[in-house]
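One structure is given below, encoded as structure tokens.
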Amino acid sequence: MKLLRIEVKASTAHFAIPFFIFERKTFPIPMYSTAIGLICNILSDESKIESFLNSEFSMAIVGNHEGVVEEYTWLRNLEKGSHVKKFKSLRNREINHEIEHPGGQMPTRIQTLVNPRVDLFVKAKEDVLEMIKQSLENPGYISRIHLGRSEDTVDEINYELVNCEKKKVFSTGGYTWIPSPEFADEVCDNYNELYQEIIGASYKVSSIYTIQNNKRIFDFIPAKLYYGSIPMIHFDVPEILSWNNIPIFLAKIRKSDRGG
């Protein structure tokens, strides 16, 4: 099996875990939606983006970092009530005879990954992979390539078509998403049992979105976040789709039985 591998290196990154307010915690690797957005940025052309998003494709993400730092900062809340609480009136923006930005302020802790490195593996038809590869060779990005937040610009991006095969591997080699069996592509023959043996919390990982009533409505893929040894099945390590001794847990992002 031939996949397109895109290696991304940056100095910082933040992959927000949803629903945190006073703390902004980060996943160690991006969600599928972030990786898809990066590829769309690389494609840049609207027709190419549409062709990619409407194709039947799968994706795996593997990554690591050198540490996590925590910043304590102020974020601004633009809700009317927050503005009134601070300025006492919707028409006022002056405090201590100085004009400030609208809204209230909220103290927040933000986690930031240090020197993250992420490998994206994309499985698709040959023409789709070639289209992405050509866009990488002739960059015309929509915006400067970044991981997640726009300020986390990418320092280095490498790419290659890689041949993958099923073999015995013993560790994930980094953090990775383990998709639930109904979304898993050709990973291994006894994937259901392997998934049950892997210890970890299951998350609803965002993937492709549609616009409804001017809002982004995401599809989600249930997946476990995991870093560690591959568990044995029936007292033996299973043969898993892999590259360079790294298991590739492909998730079906767009597939025919999901209406894609």
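The values are calculated or read from the model by the stated rules, or taken from the named source; none is laboratory data. Nothing here was measured: the structure is a model prediction, and the numbers come from that model. Note that we place each Cβ from the backbone using ideal geometry, even for glycine, and neighbour counts take in every protein chain shown. SASA here: full protein model, heavy atoms, side chains in, ligands and nucleic acids out. Shrake-Rupley method; radii C 1.70, N 1.55, O 1.52, S 1.80 Å.
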Selection within the range 26-76 - β-branched (Val, Ile, Thr) and touching a strand residue (DSSP E or B) at 6+ places or on another chain (Cβ under 9 Å): 26, 29, 34, 36, 39, 42, 61, 62, 68, 69, 73
Can you confirm whether residue 171 is among the hydroxyl-bearing types (Ser, Thr, Tyr), more than 17 Å from the chain's Cα centre (by Cα) and open to solvent by 30 Å² or more (accessible area, probe 1.4 Å)? yes
Quickly run through the range 153-179 and pick out the residues that are charged (D, E, K, R) and over 23 Å from residue 229 (Cβ atoms). 155, 156, 160
Being in contact with a Leu (Cβ under 9 Å, 6 or more places away or on another chain), surrounded by fewer than 18 Cβ atoms within 10 Å (Cβ to Cβ) and in a loop (DSSP other than H, G, I, E, B) is the filter here; which residues of the range 40-94 pass it? 66
Is it the case that the range 128-136 has a residue that's out of contact with any Gly (no Cβ under 6 Å at 6 or more places or on another chain), within 23 Å of residue 254 (Cβ to Cβ) and of a type in the set (S, T, N, Q)? yes
Test: residue 119 is crowded, with 18+ Cβ neighbours inside 10 Å and in contact with a Pro (Cβ under 9 Å, 6 or more places away or on another chain): no
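Take the residues in the range 1-35 that are part of a helix (DSSP H, G or I) and open to solvent by 10 Å² or more (accessible area, probe 1.4 Å); name whichever of them is nearest to residue 223 (Cα to Cα). Give the derivation first.
Let us first name the residues in the range 1-35 that are part of a helix (DSSP H, G or I), namely 32-35.
Filter again for open to solvent by 10 Å² or more (accessible area, probe 1.4 Å), leaving 33-34.
On the way: 33: 13, 34: 15 Å.
It comes out as 33.
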If you go through the range 234-243 one residue at a time, do you hit one that is at pLDDT 95 or above, in contact with a helix residue (DSSP H, G or I) (Cβ under 7 Å, 6 or more places away or on another chain) and either small (Gly, Ala, Ser) or open to solvent by less than 80 Å² (accessible area, probe 1.4 Å) (or both)? no
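Show me the strands (runs of 3 or more DSSP E) found entirely inside the range 132-231 where at least 1 residues are at pLDDT below 95, within 18 Å of residue 17 (Cα to Cα) and in the same structural domain as residue 57 (by the TED database). Write out each step before concluding.
Details: elements: 154-163, 165-168, 175-179, 202-212, 215-226.
Where strands (runs of 3 or more DSSP E) fall fully within the range 132-231 and carry at least 1 residues being at pLDDT below 95, within 18 Å of residue 17 (Cα to Cα) and in the same structural domain as residue 57 (by the TED database), they are 202-212, 215-226.
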Here is a list: 205, 162. Which entry is within 22 Å of the chain's Cα centre (by Cα), under 18 Å from residue 1 (Cα atoms) and touching a residue at least 24 places away in the same chain (Cβ under 8 Å)? 162
If we keep only residues of the range 135-153 that are open to solvent by 20 Å² or more (accessible area, probe 1.4 Å) and among the β-branched types (Val, Ile, Thr), then the residue farthest from the chain's Cα centre (by Cα) is 142
